[in-house]
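The values are calculated or read from the model by the stated rules, or taken from the named source; none is laboratory data. What you see is a predicted model, and the numbers here were worked out from it, not measured in a lab. Cβ placement follows ideal geometry from the backbone for every residue including glycine, while neighbour counts extend to all protein chains displayed.
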Amino acid sequence: MTRALPHQSLQSFEAPASRRTLIRSTLIGAAAIIMWSTLALLTTMTGRVPPFLLVAMSFGIAFAVTLARWLMRGDGLVNCLRWPLPAWLLGVGGLFGYHCFYFIALRSAPPAEASLVNYLWPLLIVLFATLLPGQRLRWWHLAGALLGLVGTVLLIGTGGPFGFSPAYAPGYGAAFACAIIWAAYSVLSRLLAHVPTEAVGAFCGATAVLAAGCHLAFEQTVWPQGGQWLAVLAMGMGPVGAAFFAWDIGMKRGDIRTLGAAGYLTPLLSTMLLVAFGRAELSWTLGVAALLIAGGAALAARELLGGKPQAAA
C-alpha cells in the first residue's frame with residue numbers, strides 16, 4: 001500500500017498524467033454526484049431516525065466496509081490509520097464539519113432557503129479551483145456554474161415564493177459555512193493527491209464517532225424499523241460511502257472546475273428521483289431547471305468534451 005511520507009508538504013501537487021486519466025477521474029467524480037442524488041430519497045425511507053444518528057450509522061457502515069477490505073488484504077488497523085495530520089484535519093473537518101453545519105442550518109432556517117445557500121458550493125469550487133497551481137478560470141467555467149445556480153434557484157423555489165428573513169440569519173450562516181467547508185475540502189484535496197483515496201475510509205470512521213457523540217448529546221434515539229434498515233445500509237454503501245471515495249478521486253485527478261459546475265446536477269437528479277417515486281410533483285419549472293443545470297454542466301465541460309484540457313502544472 002502506498003503511503004504518504006511524513007515529510008511531504010501540504011503543497012505537494014500531483015497533476016493528471018494524461019487526458020485519459022483526467023477524463024476517467026472526472027467520470028468517477030461524477031459518479032459521486034449521481035450517488036448523492038439518491039440521498040434525499042433514501043433519507044425519506046429511513047423514517048424518523050434523527051439526523052446525527054443517521055450520519056453515525058451510514059458513515060459507520062462505510063468505515064466497516066473499508067475496514068473489512070483492509071483486514072482481508074492483511075493490513076493492520078493501526079497502520080491503516082497512519083495518515084498525515086493535514087489529511088486528517090481536512091478529511092474529518094470536511095466530512096463531519098459539512099454535515100454538522102448542514103443539520104444546524106436545517107434546524108435554524110427554512111429548508112428551501114438553507115438548501116439554496118448550501119448549494120453555493122459548486123460555484124465556490126469553480127472559483128476556489130483557480131487558486132490551485134496551473135488552474136485558470138475561463139468564462140465557460142464561470143458561466144456554466146452560474147447557469148447551474150440559476151437552475152437550482154428555480155428548482156428549489158418550485159414549492160412557492162420564498163424570501164430571506166434576518167430572523168434566520170444564524171441558519172443562513174450555517175448553510176453558508178456548509179458551502180465554504182465542502183468547497184474548501186474538495187479543492188484542497190488536490191494538494192493532498194499523494195494521500196491514497198483509501199484514507200477516506202478512516203475519515204468516515206472518525207466522522208461516525210463524532211456524529212454518534214452529537215447524537216448522544218443532542219438527540220433522542222429512534223432506531224430504524226424493518227425495511228428502514230435497508231435504506232440505512234444503502235446510504236452507507238452509496239451516497240454516504242462510495243460517493244466520497246469517488247469524489248476524492250475526481251478532486252485529486254479529474255477536472256475540478258467541470259465537477260464543480262456538475263455539482264448542480266445533484267439537486268436536479270434528486271428531485272427527479274423523488275418525482276419518479278411519487279414523493280414530489282412534476283412541474284414545468286423542473287424541466288426548465290433541468291435545461292439550465294444540464295446546459296451549465298456541459299458548458300463548464302467544454303474543454304473536457306471538445307478540446308485539449310488544461311492540465312494542472
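Quick look at the numbers
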{"quantity": "Count of the range 27-39 residues which are modelled with pLDDT under 95 and touching a Leu at 6+ places or on another chain (Cβ under 6 Å)", "calculated": "1"}
{"quantity": "Options THR197, THR152; residue that is under 24 Å from ILE293 (Cβ atoms) and among the β-branched types (Val, Ile, Thr)", "calculated": "THR152"}
{"quantity": "Conditions (1) crowded, with 19+ Cβ neighbours inside 10 Å; (2) in contact with a Leu (Cβ under 8 Å, 6 or more places away or on another chain); (3) not hydrophobic (A, V, I, L, M, F, W, C); number of the one not met by PRO224", "calculated": "(2)"}
{"quantity": "Filtered residues of the range 42-69 (kept if part of a helix (DSSP H, G or I) and either of a type in the set (Ser, Thr, Tyr) or surrounded by fewer than 19 Cβ atoms within 10 Å (Cβ to Cβ) (or both))", "calculated": "THR43, THR44, SER58, ALA64, VAL65, THR66, LEU67, ALA68, ARG69"}
{"quantity": "Leading residue by the ranking (farthest from THR38 (Cα to Cα)) among those in the range 181-221 that are buried (at least 17 other Cβ atoms within 10 Å of the Cβ) and of a type in the set (Val, Ile, Thr)", "calculated": "VAL195"}
{"quantity": "Residue match in the range 100-107 (condition: outside any helix (DSSP H, G or I) and farther than 16 Å from ALA202 by Cα)", "calculated": "no"}
